[in-house]
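> Questions regarding the structure given below will be posed in turn.
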Amino acid sequence: MSIRSVSVSTAAGKFGQRVQVGGLEIIADEPKESGGDDLGLAPHELVLAGLGACTSMTLKLYADRKGWPLERAEVTLDAERTSTAFAIRRRIQLHGPLDADQRARLLEIASKCPVHKTLTGEIAIESTLVDAPPT
């Protein structure tokens, strides 16, 4: 699976960041209560958004493949830091005339979305310092 490169650079404000992927751009920031300007999603909110989007996409793809009447999936996420973990709560609403077995199977499938697998698997991050071009 090919994942496009993401570029993040300092933007306006104390925490503002410009996030670019291909030709798309979003702003990341921290909420006002954390000292930011609340101009964009906070970093952990971006993680939750990625998990939610991937979950909903995976459910729709699976239901379509099976010919099941899933009209829409809604995924609501929140998280908190506990003393031992970053705890994510994912609530899934399935819209459409699904039977109990289909609903149960879709709940199982939610944990098979690629971002869920990434977040619950082993993650390796390699950081290198590269020289900035002369200004």
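The values are calculated or read from the model by the stated rules, or taken from the named source; none is laboratory data. Note that the structure is predicted; figures quoted are calculated from it, not measured. Ideal geometry is used to build each Cβ from the backbone, glycine not excepted, and the neighbour counts take in all protein chains shown. Ligands, DNA and RNA are excluded from the accessible area calculation, which covers all protein heavy atoms including side chains. Shrake-Rupley method; radii C 1.70, N 1.55, O 1.52, S 1.80 Å.
> Can you pull out every residue in region 105-132 that is open to solvent by less than 50 Å² (accessible area, probe 1.4 Å) and not β-branched (Val, Ile, Thr)?
Residues satisfying the conditions are Leu106, Ala110, Cys113, His116, Gly121.
Residues are listed down the side, and each one gets a yes or a no for (1) touching a helix residue (DSSP H, G or I) at 6+ places or on another chain (Cβ under 7 Å); (2) not basic (Lys, Arg):
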site: Lys14; (1), (2): no, no
site: Gly40; (1), (2): no, yes
site: Leu51; (1), (2): yes, yes
site: Cys54; (1), (2): yes, yes
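> Sticking with this structure for a sec: Any residue in region 21-39 that is closer than 11 Å to Ser7 by Cα sitting within a Cβ distance under 6 Å of a residue that is charged (D, E, K, R)? List the pairs, counting only those 6 or more apart or interchain.
Within 6 Å, the pairs are Val21/Arg4; Gly22/Arg4.
> Can I ask one more? Can you work out which of the residues in region 83-104 that are small (Gly, Ala, Ser) and open to solvent by less than 60 Å² (accessible area, probe 1.4 Å) is farthest from Pro69 (Cα to Cα)?
Here the answer is Ala85.
> Here's a follow-up. Filter region 44-71 down to the residues that are in contact with a His (Cβ under 9 Å, 6 or more places away or on another chain) and within 24 Å of Ala28 (Cα to Cα), then identify the one that is surrounded by the fewest Cβ atoms within 10 Å (Cβ to Cβ).
Here the answer is Cys54.
> Let me ask something additional. Check Glu80, Glu33, Glu74, Glu25 and return the single one that is open to solvent by 60 Å² or more (accessible area, probe 1.4 Å), within 14 Å of the chain's Cα centre (by Cα) and not basic (Lys, Arg).
Being open to solvent by 60 Å² or more (accessible area, probe 1.4 Å), within 14 Å of the chain's Cα centre (by Cα) and not basic (Lys, Arg) holds for just one of Glu80, Glu33, Glu74, Glu25, which is Glu74.
> Looking only at strands (runs of 3 or more DSSP E) that lie completely in region 1-109, which have at least 2 residues being at pLDDT 95 or above and under 30 Å from Val130 (Cβ atoms)?
In region 1-109, the matching strands (runs of 3 or more DSSP E) lie at 6-10, 17-21, 24-28.
> Further question: Take Asp38 and decide whether it is under 30 Å from Ala12 (Cα atoms) and surrounded by 17 or more Cβ atoms within 10 Å (Cβ to Cβ).
Answer is no for this residue.
> Among the numbered criteria (1) out of contact with any Lys or Arg (no Cβ under 8 Å at 6 or more places or on another chain); (2) closer than 30 Å to Lys14 by Cβ, which single criterion is violated by Leu77?
(1)
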